Amino acid sequence: ETGVTQTPRHLVMGMTNKKSLKCEQHLGHNAMYWYKQSAKKPLELMFVYNFKEQTENNSVPSRFSPECPNSSHLFLHLHTLQPEDSALYLCASSQERRETQYFGPGTRLLVL
Amino acid sequence: ILNVEQSPQSLHVQEGDSTNFTCSFPSSNFYALHWYRWETAKSPEALFVMTLNGDEKKKGRISATLNTKEGYSYLYIKGSQPEDSATYLCAFMGNDYKLSFGAGTTVTVRA
């Protein structure tokens, strides 16, 4: 149990759908992250939130919209995605930006 | 985009044998080097965080070394067991505290 949970674990959506990924951390951490892993590629940082404020947007298309309502929860809202957005989306948290990041198990997303 | 390379991409090891693999990373703006172990359908698990040149860390049968001047880290598994089968990721953390991951080395231990 890493203390970072993600729901749903699997998601299939059409290109016109709107869906949201949820991440929750039970570790009392101040920083939260979204990563993407496409097939046969390394994990790629998407967004960083530090004390609920977004501090990094790694040139992510606007069809991905993050939200951090409090320091324990992080959402990724998905709208009009493309098939190439199919990937594993991982959430992570850390006490401070420079410290070890703890990961959730990921959401496997398929866009049809 | 930072160049973090891991080699080999995959390896097969006989149970009981020892093995090692490499992570290479930029030698400038270095803050830390992280190693993770990732089993299929599970969360990546933090193994080590290494910050100082010459650092050596150990956790059970797994150990790691760090050379920040030449930009490489080795991870060693001694006496491999089937439960060591996983993908091992290294990640470079620069002075901006962002993690740049390698593609991983997938280890399969044959009984």
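The values are calculated or read from the model by the stated rules, or taken from the named source; none is laboratory data. Values in this document were obtained by computation on a predicted structure and should not be read as measured data. Here the Cβ is made from the backbone with ideal geometry for all residues, glycine too, and neighbour counts use every protein chain on show.
Could you grab me the full set of residues in region B:17-35 that are farther than 24 Å from residue A:101 by Cβ, among the polar types (S, T, N, Q) and not in a strand (DSSP E or B)?
Taking region B:17-35 first, the residues farther than 24 Å from residue A:101 by Cβ are B:17-20.
Okay, now just the ones that are also among the polar types (S, T, N, Q), so B:18-20.
Residue satisfying the conditions is B:18 alone.
Considering every residue within region A:95-102, establish whether at least one is more than 12 Å from chain B (Cβ to nearest Cβ) and either over 30 Å from residue B:5 (Cβ atoms) or without any contact (Cβ under 8 Å) to a residue 12 or more places away in the chain (or both).
no
Starting from region B:1-18, keep only residues that are within 14 Å of another protein chain (Cβ to nearest Cβ), then list their pairs with residues that are aromatic (Phe, Trp, Tyr) and not in a strand (DSSP E or B) whose Cβ atoms are within a distance under 9 Å, requiring at least 6 positions of separation or different chains.
B:2/B:25; B:3/B:25; B:4/B:25; B:5/B:25
In the set A:31, A:92, A:39, which member is of a type in the set (Gly, Ala, Ser) and touching a Gly at 6+ places or on another chain (Cβ under 9 Å)?
Details: A:31 fails: touching a Gly at 6+ places or on another chain (Cβ under 9 Å); A:39 fails: touching a Gly at 6+ places or on another chain (Cβ under 9 Å).
Residue meeting the stated conditions: A:92.
Quick test for you: out of A:22, A:18, pick the one residue that is surrounded by fewer than 17 Cβ atoms within 10 Å (Cβ to Cβ) and over 12 Å from the mean Cα position of the chain (by Cα). Walk me through it before giving the result.
Details: A:22 fails: over 12 Å from the mean Cα position of the chain (by Cα).
Exactly one residue qualifies, and that residue is A:18.
Yes/no per residue for (1) more than 26 Å from residue B:104 (Cα to Cα); (2) of a type in the set (D, E, K, R); (3) in contact (Cβ under 8 Å) with a residue 60 or more places away in the chain:
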{"site": "A:3", "(1), (2), (3)": "no, no, yes"}
{"site": "A:9", "(1), (2), (3)": "no, yes, yes"}
{"site": "A:20", "(1), (2), (3)": "yes, no, no"}
{"site": "A:28", "(1), (2), (3)": "yes, no, yes"}
{"site": "A:34", "(1), (2), (3)": "no, no, no"}
{"site": "A:37", "(1), (2), (3)": "no, no, yes"}
{"site": "A:45", "(1), (2), (3)": "no, no, no"}
{"site": "A:53", "(1), (2), (3)": "yes, yes, no"}
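Any residue at all in region B:5-16 that's among the small types (Gly, Ala, Ser), assigned to a strand (DSSP E or B) and either modelled with pLDDT under 95 or surrounded by fewer than 17 Cβ atoms within 10 Å (Cβ to Cβ) (or both)? Give the steps one after another, and end with the answer.
Here is the first cut: in region B:5-16, the ones among the small types (Gly, Ala, Ser) are B:7, B:10, B:16.
Pick out the ones that are also assigned to a strand (DSSP E or B) and you get B:7, B:10.
Filter once more, keeping what is either modelled with pLDDT under 95 or surrounded by fewer than 17 Cβ atoms within 10 Å (Cβ to Cβ) (or both): B:7, B:10.
The answer is yes, given that some residue of region B:5-16 is among the small types (Gly, Ala, Ser), assigned to a strand (DSSP E or B) and either modelled with pLDDT under 95 or surrounded by fewer than 17 Cβ atoms within 10 Å (Cβ to Cβ) (or both).
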